[in-house]
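A single structure is presented below for examination.
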Amino acid sequence: MIELPNDPAPNGAAPSLLDYGMTLRPGSGAAILRVDRKGSRYRVNVSYPPMLPSVSRIFIARLLKAKREGLRIPYPLIDVPQGSPGSPVVDGAGQSGTTINLRGLTPGYAAKEGYWLSIEDENGQHYLHNVSETGRVDASGEVALSITPELRWPFEDGAAVHLAKPMVEGFVDGNEWSWAIPVNRLIAIEFTLEEAG
C-alpha cells in the first residue's frame, strides 16, 4: 500500500458516497421503496497545490505505483480537528449494520455528527465511515456510534479505529491518470481515490 508525503497537504477534496442500494419506483404509481444493500463506500477527488518539480516527481512516482498497489491517505479534514479520542478499538467481533461499539476512548469525548473515522481490519486495510449521530463516551471509555455507510467487514474484537486521523484507502480511479507540466514548472496534482473494500 502506497502512501504520499505529508507535505504539501491537499488543498481540496470532493468526497462522494458510492451507493450500492437503490430506490425502486413502481410503474403503477405505488409508493417508492428504498432497498439498502451492503457495499456502499466512498470516493474522494483530491487536489494538491502547485509543487516544484523536485516535490511533484515524488508524488507522481508514488501515484503511478499506486495504480497497481493501492493508495492510503489521511482523509482530508481540512482544518477541522476531531479532538483527542484516545485509542479506540472495536468492542466485540463480527458487528454489522450501522452501529459500531467501541472501547478505549477518552471518557467524556464526543464523537460529533459529521466526524470521520476509519476502521482497520486484520490485514491493515482501512474502511472509511461518517458518524451520523453524536455519541458521547461513557466513564468506562465505551460508546456505540451510528455510522454511514453500513459496516462492510466483520471486524475482529480490538480492531483499531482511527478517529484523530482517519484514512481513506483504495485505488486511483480511472484507466488513465495524467498531469500537466506548465511553462512555470509548478505542477498541480489531482486524482480520484476510490475505496477498495
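Can you spot the aspartates and glutamates whose alpha carbon is less than 12 Å from Lys65's alpha carbon? Ignore those fewer than 8 places along the same chain.
Glu3
Would you mind getting me the FRET efficiency between Thr99 and Asn184? Use the beta-carbon distance for r and R0 = 41 Å, nearest 0.05. Each step should come with its number before you reach the end.
Working: r = 51 Å, r/R0 = 1.24.
In this case the efficiency is close to 0.20.
Now for a different question. Around Val89, with a cut-off of 11 angstrom between Cβ atoms, what is the net charge of the other residues, counting Lys and Arg +1 and Asp and Glu -1? Walk me through the numbers on the way to the answer.
Details: positive: Arg103; negative: Asp91, Glu120, Glu142, Glu156, Asp157.
Its environment carries a net charge of -4.
Also, quick follow-up: Return the lysines within reach of Lys112: Cα separation strictly under 27 angstrom, same-chain partners fewer than 8 residues apart disregarded; answer none if there are no such residues.
Excluding near neighbours in sequence, the set is Lys38, Lys165.
What's the local net charge at Met167, with K and R +1, D and E -1, over the other residues with C-beta under 13 Å away?
Values: positive: Arg72, Lys165; negative: Glu3, Glu120, Asp121, Glu169, Glu195.
Cβ neighbours under 13 Å give a net charge of -3.
Near the amide H of Met51, under 5 Å away, which other amide H atoms are found, from residues 5 or more places off or on another chain, if H is placed in the peptide plane?
Ile187, Ala188
From the alpha carbon gyration tensor of region 86-165, can you work out the equivalent ellipsoid semi-axes (sqrt of 5 times each eigenvalue) and give them in Å, largest to smallest?
Numbers: eigenvalues 60, 38, 25 Å².
Computed over region 86-165, the values are 17, 14, 11 Å.
In percent, how large is the relative contact order of region 1-90, given Cα pairs closer than 8 Å and 6 or more residues apart?
Relative contact order, region 1-90: 39 percent.
Still on this structure, please answer the following. How much net charge surrounds Glu150 when only the other residues with a Cβ under 9 Å from the Cβ of Glu150 are counted, with Lys and Arg +1 and Asp and Glu -1?
On the way: positive: Arg37, Lys38, Arg152; negative: Asp36.
Residues near Glu150 contribute +2 overall.
Given a cut-off of under 8 Å on Cα pairs at least six residues apart, what relative contact order in percent is computed for region 86-165? Intermediate results must be reported in sequence, preceding the final value.
Numbers: 207 pairs, mean separation 34.5, N = 80.
Once divided by the residue count of region 86-165, the mean separation gives 43 percent.
Quick one: in the chain, what % of C-alpha pairs are over 24 Å apart?
Working: 8984 of 19306 pairs.
Pairs farther apart than 24 Å: 47 percent.
Could I ask something else about it? Tell me, which longest segment in the chain has none of the chymotrypsin sites (Phe, Trp or Tyr not before Pro) that fall in DSSP loops with at most 16 further Cβ atoms within 10 Å? Display every interim value, and only then the final one.
On the way: sites that count: Tyr20, Trp177, Trp179.
Excluding the exposed sites themselves, the longest stretch runs over 21-176.
So, one more: When the chain is treated as a GNM, springs tying every alpha-carbon pair under 10 Å, which of Leu145, Leu18, Leu105 comes out with the largest mean-square fluctuation?
Leu18
I would also like to ask the following. Using the alpha-carbon atoms, what tilt in degrees (0 to 90, nearest 10) does helix 53-69 show relative to the longest principal axis of the chain?
It is inclined by approximately 50 degrees.
Computed from the coordinates by the stated procedures, all read-outs in this text should not be read as laboratory data. Computed from a predicted model, the values in this text were never measured in an experiment. Glycine also receives a Cβ, built like all others from the backbone with ideal geometry; neighbour counts cover every protein chain displayed.
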